[in-house]
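See below for the structure under consideration.
Bear in mind that the values in this text are calculations on the coordinates, not laboratory data. Remember, predicted model here, so these are calculated numbers, not experimental data. Counting neighbours? That spans all protein chains shown, and the Cβs are built from the backbone with ideal geometry, glycine included.
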């Protein structure tokens, strides 16, 4: 079977604050000399098991073609939709060679610090799983329930709650059916695992490095910069 990858990158980054002053979508925000998106794509392309990578772009995107990874022979593009789930469906449609039983990795364009080793471990761990799964991390902080007045109404047991990260890995056919079902029923889905869960399936959660942050706000860029520098230093030390 074959492993494919999809990176939905059609968003315009409404929550990035000052970065939006120059109309630059957050996936193209500069990070250590290259756009956030390029970092994320390089981490995926470092995984040799991935046959092809589809980057799903906004119809008016003018930035992607300037990236060095745009010339990689494994990279193709597709037109984005109005919502994430439609963009991923468009990415699936671009994989015309894919078979129902193939695997598809979906990764956020704005998770530039994911470790390629974690992606490989996700693939290796799920090859015999009936559904698929995702990377994540257990909650560290106490989880509070807050009412409409901003007052604490209770404390949740965090022991079984995890942050959901990407990549998320599912069978091609199952993922397409799940996303089509969610779209047709009008469900608002924030990730691919939610669509799979809505079909009654139970994805497996695998622990990931907590470096795998999502760039949502302008302050996240400074954190990502520090994490990438730390990763680079660690890699150099291993080769000394």
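Placing a label point 7 Å from the Cα of residue 120 along the Cα-to-Cβ direction, the residues of the stretch 26-52 with a backbone N closer than 17 Å are 42-51. Between residue 140 and residue 160, the contour length at 0.36 nm per residue exceeds the alpha carbon distance by 6.1 nm.
The mean sequence separation of alpha-carbon pairs under 8 Å and at least six residues apart, normalised by the residue count of the chain, gives a relative contact order of 23 percent.
DSSP finds beta bridges in the chain, and of those with both partners inside it, around 45 percent are antiparallel. Set against the 2.2 N^0.38 Å expectation for a compact globular protein, the stretch 101-240 has a Cα radius of gyration ratio of 1.21. Volume per residue of the convex hull around the Cα atoms, evaluated for the stretch 96-184, comes out as 176 Å³. From the coordinates of this entry, volume of the Cα convex hull per residue in Å³ is computed, and it appears in [x] 109; [y] 158; [z] 135 under the label [y]. Sorted from longest to shortest, the spans of the Cα atoms of the stretch 34-161 along the three principal axes equal 53, 39, 28 Å. With a Förster radius of 41 Å applied to the C-beta separation of residue 62 and residue 183, the computed FRET efficiency comes to 0.90. Gain on full extension, evaluated as 0.36 nm per residue between residue 232 and residue 127 minus their Cα-Cα distance, stands at 34.8 nm. Among 88, 96, 146, sorting on how many other beta-carbon atoms sit within 10 Å of each Cβ, with the fewest leading, yields 96, 146, 88.
Packing-based ranking of 123-131, 207-215 yields 207-215, 123-131, ordered from highest to lowest mean Cβ neighbour count within 10 Å.
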